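Please read the structure below before turning to the comments.
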Amino acid sequence: MSTKLGLVGLPNAGKSTLFNALTAGHAAVAPYPFTTIDQHVGVAPVADARLDALAALLLPERVIPTTLEVVDIAGLVKGASQGEGLGNQFLSHVFGVDALLHVVRCFEEENVAHPMGGTDPARDAEVVNTELLLKDLEVVQRRKEKEQKLAKSGDKKAAALVERLAAWDTALGAGRTIRSLSLAPEQHPGTWGVDLLSAKPVLYAANVGEGSGSSEPSVAALRALAEREGARVVVVCAKLEAELMELPPADRTEMMRELGVKESVLPQVIREGSALLSLITFFTTASKILQAWTVPRGTKAPQAAGTIHTDFERKFIRAEVIQAQALLQCGSEANAKAQGFLRLEGKDYAVQDGDVIHFRVGS
Ligand SMILES: Nc1nc2c(ncn2[C@@H]2O[C@H](COP(=O)(O)OP(=O)(O)O)[C@@H](O)[C@H]2O)c(=O)[nH]1
Ligand SMILES: [Mg+2]
């Protein structure tokens with residue numbers, strides 16, 4: 001199970017550096033395989049103390065964590081939608097991601113050119129947000145033309161979609177992101193199978209210089225912008241973190257202590273990203289495989305089963321649930337059951353964070 005994040009930002013904001021910091025080196029620290037799918041797509045296992053503790057207790061043959069997939073793209077420049085710089089074609093790489101990680105340059109560095117002249121996080125973020133919006137406009141207008149043709153030939157679904165597309169077109173044309181509209185599910189592009197960048201939740205990454213902290217004025221400017229949008233900010237020094245990732249794990253911990261880096265960027269991004277997407281984690285232990293899964297908070301048991309195997313949703317009978325904490329305290333499933341911690345839950349049960357679940361499914 002993978003949560004996908006797409007990096008966006010101006011050239012030289014530090015996207016590729018952050019990409020390396022997020023995805024490199026984790027093979028060495030985690031007992032799980034790390035893979036780079038291609039140059040621009042990296043996967044990092046999501047560390048989870050409960051998963052480790054359950055693995056130590058249950059001694060499964062395999063342990064499969066959830067993963068965070070990160071997609072790096074080239075930088076967007078002002079006017080990309082009109083073909084400036086590399087244009088905006090490469091934005092197609094970030095269609096299909098769950099959320100955007102918007103990297104904003106907050107560091108000063110003479111040797112690294114700034115595409116807009118100088119460091120100005122709020123302006124930079126606005127430039128990128130505008131280009132994303134223009135890309136959405138392009139997508140919406142092209143799609144509208146196509147659906148209008150279908151509607152003319154009597155396709156009812158196309159006619160309904162044209163109406164939706166027109167509403168999104170109007171909002172985007174007025175400079176409003178789709179996410180800011182707080183649309184009901186039936187009005188949301190996702191429900192109609194239309195993937196728009198400005199509909200995705202955003203996490204800002206303030207990329208600060210070495211030795212600068214979260215109290216920099218440049219970070220404050222970005223925070224103010226994020227606050228107006230109801231978005232969150234993580235503060236990172238991508239360069240420092242990427243360098244730390246090249247050290248052997250033992251030296252890295254030591255170096256982090258010396259430099260006063262409390263927590264590396266990956267767990268921060270995972271935590272904020274999960275909150276942004278309202279994700280919770282549950283565990284399964286079938287067939288000697290201990291596996292972690294993520295689903296949106298509020299997901300009902302049959303749909304949770306469906307993430308494991310599409311057939312399981314339809315064939316769902318019941319869920320046998322023990323909270324990870326109870327299982328760990330009792331020391332075994334049998335003990336947990338004897339002490340009344342095993343619950344039988346039906347199709348209306350909303351899966352809770354930390355549930356260890358056996359799904360009973362029919363044939
Ligand atoms: N001083 C400093 N340089 C950085 C930092 N982050 C990135 N850089 C440098 O900025 C340049 C551009 O970074 P890169 O990650 O390629 O930017 P991208 O175009 O957004 O992918 C590289 O030379 C990085 O080493 C930082 O936090 N501090
Ligand atoms: Mg890059």
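The values are calculated or read from the model by the stated rules, or taken from the named source; none is laboratory data. All figures in this text were calculated on a predicted structure; none of them were measured in a lab. Heads up, the Cβs are rebuilt from the backbone with ideal geometry, glycines too, and the neighbour counts pull from every protein chain shown.
Within segment 260-301, can you find the residues that are closer than 30 Å to Lys15 by Cα and among the polar types (S, T, N, Q)?
Ser264, Gln268, Ser274, Ser278, Thr281, Thr294 - these are the residues of segment 260-301 that are closer than 30 Å to Lys15 by Cα and among the polar types (S, T, N, Q).
Among the candidates Lys144, Lys149, which residue alone is part of a helix (DSSP H, G or I), over 23 Å from the mean Cα position of the chain (by Cα) and either of a type in the set (A, V, I, L, M, F, W, C) or within 24 Å of Ser180 (Cβ to Cβ) (or both)?
Lys144
Please state which of the following conditions Gly42 fails to meet, knowing it meets all the rest: (1) within 16 Å of ligand 2 (Cβ to nearest atom); (2) in contact (Cβ under 8 Å) with a residue 40 or more places away in the chain; (3) not β-branched (Val, Ile, Thr).
The one condition Gly42 does not meet is (2).
Looking at (1) in a helix (DSSP H, G or I); (2) not assigned by TED's automatic domain parsing to the domain that holds Gly9, which is the one condition that is false for Thr281?
In the conditions (1) in a helix (DSSP H, G or I); (2) not assigned by TED's automatic domain parsing to the domain that holds Gly9, Thr281 misses (1) alone.
So is Phe19 of a type outside the set (D, E, K, R), in contact with a strand residue (DSSP E or B) (Cβ under 8 Å, 6 or more places away or on another chain) and either at pLDDT 85 or above or within 11 Å of ligand 1 (Cβ to nearest atom) (or both) or not?
Against the criterion (of a type outside the set (D, E, K, R), in contact with a strand residue (DSSP E or B) (Cβ under 8 Å, 6 or more places away or on another chain) and either at pLDDT 85 or above or within 11 Å of ligand 1 (Cβ to nearest atom) (or both)), Phe19 qualifies.
Helices (runs of 4 or more DSSP H) wholly in segment 188-270 with at least 3 residues that are more than 16 Å from ligand 2 (Cβ to nearest atom), in the same structural domain as Val8 (by TED's automatic domain parsing) and under 24 Å from the mean Cα position of the chain (by Cα) - which ones?
217-229, 238-245
Scan segment 263-292 and report the pairs whose first residue is more than 21 Å from Leu7 (Cα to Cα) and whose second residue is assigned to a strand (DSSP E or B) and of a type in the set (Ser, Thr, Tyr), with Cβ atoms within less than 8 Å and a gap of 6+ or a chain change.
Ile280/Thr294; Thr281/Thr294; Leu290/Thr284; Gln291/Thr284; Ala292/Thr281
Does Ala326 meet the test of being modelled with pLDDT of 95 or more and not basic (Lys, Arg)?
yes
Okay, residues lined up against (1) without any contact (Cβ under 8 Å) to a residue 40 or more places away in the chain; (2) out of contact with any helix residue (DSSP H, G or I) (no Cβ under 8 Å at 6 or more places or on another chain):
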| site | (1), (2) |
| --- | --- |
| Val295 | no, no |
| Lys300 | no, yes |
| Gln323 | yes, yes |
| Leu327 | no, no |
| Ala334 | yes, yes |
| Leu342 | yes, no |
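Assuming Thr3 fulfils every condition listed in (1) among the hydroxyl-bearing types (Ser, Thr, Tyr); (2) away from ligand 1 (no atom under 14 Å from the Cβ); (3) modelled with pLDDT under 85 apart from one, which condition is it?
Evaluating Thr3 over (1) among the hydroxyl-bearing types (Ser, Thr, Tyr); (2) away from ligand 1 (no atom under 14 Å from the Cβ); (3) modelled with pLDDT under 85 leaves (3) as the failure.
Taking only segment 327-342 into account, find how many residues are surrounded by 15 or more Cβ atoms within 10 Å (Cβ to Cβ) and either among the basic types (Lys, Arg) or in contact with a strand residue (DSSP E or B) (Cβ under 9 Å, 6 or more places away or on another chain) (or both).
Number of matching residues: 6.
Which condition number in (1) farther than 30 Å from Ser215 by Cβ; (2) surrounded by 14 or more Cβ atoms within 10 Å (Cβ to Cβ) is the one that Lys157 fails?
Result: Lys157 passes all but (2).
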